[in-house]
1. Lysines within cross-link reach of LYS150: Cα-Cα under 21 Å, excluding same-chain residues under 8 positions apart?
2. Tell me, what is the FRET efficiency for ALA242 and GLU477 to the nearest 0.05, using R0 = 41 angstrom and their Cβ-Cβ distance as r?
3. Could you work out the Kirkwood radius for region 126-204, taking every pair of different alpha carbons, averaging 1/r and inverting it, reported in Å?
4. Between (i) 206; (ii) 135; (iii) 215, which entry matches volume of the Cα convex hull per residue in Å³ as derived from the coordinates of this structure?
5. Taking neighbour counts of Cβ atoms within 10 Å as a proxy for exposure, in what order, fewest first, do HIS221, HIS502, HIS157, HIS321 appear?
6. Taking 29 Å as the cut-off for C-alpha to C-alpha distance, list the pairs among LYS259/LYS300; LYS85/LYS115; LYS117/LYS289 that go past it.
7. Calculate the tail of P(r) for region 509-560: the fraction of all Cα-Cα distances greater than 17 Å, expressed in %.
8. Where does helix 129-145 land angle-wise versus the long Cα axis of the chain, in degrees 0 to 90, nearest 10?
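Laboratory data are not the source of any read-out in this text; all were calculated from the coordinates shown. Please read these numbers as outputs of a predicted model, since none were measured by experiment. Here Cβ is always computed from backbone atoms with ideal geometry, including for glycine, and neighbour counts include all displayed protein chains.
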Amino acid sequence: MNVVRSLFALLVVPAAGLAAPRDELLRLIPEDYTFCVVVQNLRGLARSDGDPAFLKGVAESPMLKQFQDSPEAKKFQAVLETIFKDLQVTPEQLWRDILGDAIVFAYRKGPADQKDKEDGLLLVNARDEKLLARLVDRINELQKKGGELKGVEPVGHAGGYFRRVKSVESEKPDYYALRGHRLLFSGSEDLLKSMLAGLDRGGAEEPVLVRRMKQLGVDGHPFVCLVNPRSFDSDLVASAKAGKPAEQWFLKEFTNYWKAVDGLAISMNFAPAVEIGLSLNVRKETMPKAAARFFTEAGKKSPLWSRIPDDALFAFVGRAHLESLVGIIGSFLTERDRTKVLDAVADAVRTFLESDELGPAVRGLGPDAGFWVTRPDPADKTWWPQGILAVKVADDADGRLAEQAALRGLDFLARSACLSEKQLRIRSEKQGDVEVRYLTHASAFPPGFRPGFASKGGYIVVASSPQTITRFNPPTETATDADEVPILRISAAGWRQYLNDHRAGLTEYLAAAKGLDAAMLGQQVDSLMPLFDALDRVELVQRTGPERLNLILRFKEAKK
């Protein structure tokens, strides 16, 4: 396809915008849209201190530089230069004066019985209206020269719009209108007329989509993709009536959750850190009870975070009542399938747990659970990181049953491993009143790696060594409400320090284990260092409100 023809689509590349121009564009979007992409405020970001440091680190990494020097990258660069030359516009003009205020792209799928009735629209609010008009004329001229357009026909008198007639008669025309700083473009004439009528009407009330963005907490984000859940309701109902019984049951239960979602958005933000977010506007009171309890617990900050160093290489901590999670999963299964799953689980754990104890054991585990990896303690004299998994057990009869079942299960797995590997040995040691059981191997394990398990301070603990269990100080605090709850964290600073200190031991072990060249593996590790130098951490956090859930993946820059 001719690259010039796709410029209308390319106009949805990231752009900048002010709230007022954006709001006036969003006022024109039909309420039954399927999804809507909003790009705004990037001109202001371009005038800030510059690109995020971690993006510069990515650009400076040997891997990306190697790609930039590749023939494919050079061809792509040549294509871009040709496009700008043909359009008679510079990249700076396109960014600053055309894509500098606000861009909105919306798509609306057709009715279930008229799939071909789908339509879409593109709205642009440009700072330089003369350049916008000239650019549109240039695109039309190039497409006519290229044989893609037969002609551009005015419709109506002054203040009307234009029909772009395709050279291939079977292809439908598309339509556009210029109103000062605004470009309105659509493949549907009726939709364009509706937008023009809305533009003429104006309005003082807040547009529906602006209100939705505020409810989702993404109002000021430069890039937002809004999804209208109601656009898919009829499809879910139709799908739930077809297919096999298990599929019908699953979709029927999924519909109960889906109907509680009033809005959904995927967004990007760049200040104060680069963030990618998923936001849901949810009516929690309409959700199944098990799901409501699950999300309530997940919205609290676990006390385990107080035991995890800020420079942990990796940390994942969550709160979930296992009984609620099992209830959610079970609700998506038919009665027959639930019975099969329960029977399979009971058979798998029957060596250390009676079938009638399964329910109490599930109730006794959680809700706090976490897994994290830290740099090795200097006293251990090894390059192998410390890893630990900790799961809370309830302080009641169910918790005590779950604790004993977990220890028996872990012991069973350890002894089974010893039966399959002759050099594996299971040993134990006392750490005060805590008994730690662990595995050793004469040659297979890395230095310092002696995986073990224990029950300590109300937690079932599985760790990379008995020393790691010794250092674990079980928290006694309870979970707390917080505006932002961490879920996952990766410390780039921690990795940078770890690789600086233990690069040789790590690469030598991996090379020997995988049959690789240690020097080449070391070079690959070195190629990642610019990224680690620019980043402080990567984290996944959760924000909750009365009717809102936000999951945010954040890239925090290293402190200068």
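1. The qualifying lysines are LYS166, LYS172.
2. Computed FRET efficiency for ALA242 and GLU477 comes out at 0.20.
3. Working: mean 1/r = 0.0747 Å⁻¹.
It is 13.4 Å.
4. Computing volume of the Cα convex hull per residue in Å³ and matching it to (i) 206; (ii) 135; (iii) 215 gives (i).
5. HIS157, HIS502, HIS321, HIS221
6. With Cα atoms farther than 29 Å apart: LYS85/LYS115; LYS117/LYS289.
7. Values: 806 of 1326 pairs.
Counting every Cα pair in region 509-560, those more than 17 Å apart make up 61 percent.
8. 90
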